[in-house]
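What follows is a short report on a single structure.
Laboratory data are not the source of any read-out in this text; all were calculated from the coordinates shown. Keep in mind it's a predicted model, so treat the numbers as computed, not measured. Virtual Cβ from ideal backbone geometry, glycine too; neighbours counted across all protein chains shown.
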Amino acid sequence: DELGQLGLDFDSMAQRIQALLEGQQQMLRDVSHELRTPLARLRIALELARKRGGDSSELDRMELEAQRINELIDEILHLVRLSSGQGDFHPASLELVSLLQPLVEDANFEQQRVQFTAPESIHFKGDDKLLYRAVENIVRNALKYSEGEITLSADKKGHQVEIRVQDSGPGVDEDCLDRLFEPFFRADQARERETGGYGLGLAIAARAIKLHQGTIEARNRSTGGLEVIISLPTE
């Protein structure tokens, strides 16, 4: 009947979407691996050039770009692993304040602009490495796109742990807010090129939060700037 045919159509559509997503992940994985070999050759060539001709600004630039390519490959592979569920996920009892404090200290060692507010302790279950990287990506994104103070806060509300990162930058167009966590999306193409970003940090953060059965959203603040809110279940 018509309902049965509709159900079959939905199943077929879901299978095609799944195949498309798996194909995209495999393509990213294959491209990343294929780039490793020429990148390794480039680094060998750079070392030989340094031994023969010494240091130069051109060789330094080539080495910097090679390092950026290597970082991009690592980010792509990490994103693929998280998206496919193949990444390591080891939840354990955590104390959130002590987890985030080193992150704040590292950020302030580079730029004294991050303020951290939280209760004395917040206990819940999660993967410390994934959560640390997720919050670090958001904080560094805020530092990259704003010049004022960054506020990182954590609190426990009922059965949820809430983490907020607020900046005083220009914010993002409302039409772009929902796309900030898409891989390779750049709200401002020119600014992203200037800062050297790849559009993967927030996507990786979103995948990590999803593995924790949590949510992540971005919104413009009424006083100016962007706010990213992470909500994680405590049970």
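Derived scalar couplings between HN and Hα for segment 199-213 equal x, 10, x, 6, 5, 5, 4, 5, 5, 5, 5, 4, 4, 8, 6 Hz in order, rounded to whole Hz, by the Karplus curve 6.51 cos²θ - 1.76 cosθ + 1.60 (θ = phi - 60°), x for Gly and Pro. Positive-end ranking of A118, N108, A92 along the dipole of segment 88-130, with charges on Cβ about the Cα centre, is headed by A118. The Cβ shell under 15 Å around Q166 holds other residues with a net charge of -1, Lys and Arg each +1, Asp and Glu each -1. Can you pull a Stokes-Einstein diffusion coefficient for segment 114-153 at 20 °C (1.002 mPa s), Rh from Kirkwood over Cα pairs, as a whole number of µm²/s? After rounding, the answer is 186 µm²/s.
Considering the zone a paramagnetic label at V97 would reach in this model (a point 7 Å from Cα along the Cα-to-Cβ line), which residues of segment 147-174 have amide N under 14 Å from it? Once the point is set 7 Å along Cα→Cβ of V97, 153-156 turn out to lie under 14 Å by backbone N, inside segment 147-174.
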